[in-house]
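Have a look at the structure below, then the notes.
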Amino acid sequence: MLTAETLTRHELAGLRVRVVESSDPTLVGVEGEVVDETTKTLSVAREGETGSRLVQVPKAVATFEFELPSEDGDTEYVVVEGERLVARPARRTEHTGDSRWQ
């Protein structure tokens with residue numbers, strides 16, 4: 001089950017995300033759905049007046065706020081330092097126990 005505690009060990013594609021801090025000021029405020037993830041980046045689909053636009057956000061330079069829907073209809077927001085996400089998605093999601101991605 002996807003919770004605030006286990007977010008960094010789960011697949012991020014499909015989640016709503018917003019960049020809340022970044023060393024690149026042009027990335028702050030980027031918001032949308034994670035559509036792809038690589039070792040070092042998240043691809044975020046932003047909806048705009050002219051349709052959807054894909055933005056590549058480097059994980060290491062950003063702090064993300066993920067939106068986690070819950071079964072009771074409430075929405076929880078989880079802030080994650082991008083450095084915690086820098087890894088191959090498959091490797092990050094397979095770790096349990098004494099993992100830096102807990």
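Key figures
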item: From phi via Karplus (6.51, -1.76, 1.60), per-residue ³J(HN,Hα) for the stretch 68-81 in Hz, x at Gly/Pro; result: 10, x, 10, 5, 8, x, 6, 10, 10, 10, 10, 9, 10, 5
item: GNM top mover of Thr41, Thr63, Thr50 - the chain, alpha-carbon springs below 10 Å; result: Thr50
item: Ratio of Rg to Rh over the chain (Cα coordinates, Kirkwood Rh, two decimals); result: 0.96
item: Sum of -39500 (n - 2.57) over DSSP H runs of 4+, divided by residues of the chain (222 nm, nearest 500); result: -1500 deg cm²/dmol
item: Average Cα contact separation per residue, the chain, under 8 Å, 6 or more apart, as relative contact order %; result: 28 percent
item: Long-range amide H partners of Asp36 with built H, under 5 Å; result: Ser43
item: Among Arg84, Arg16, Arg53, residue whose mean-square fluctuation peaks in a GNM of the chain (springs only between Cα atoms under 10 Å); result: Arg53
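Every number in this text was worked out from the coordinates using simple rules, so none of it is lab data. What you see is a predicted model; the values in this text were computed from it and never measured.
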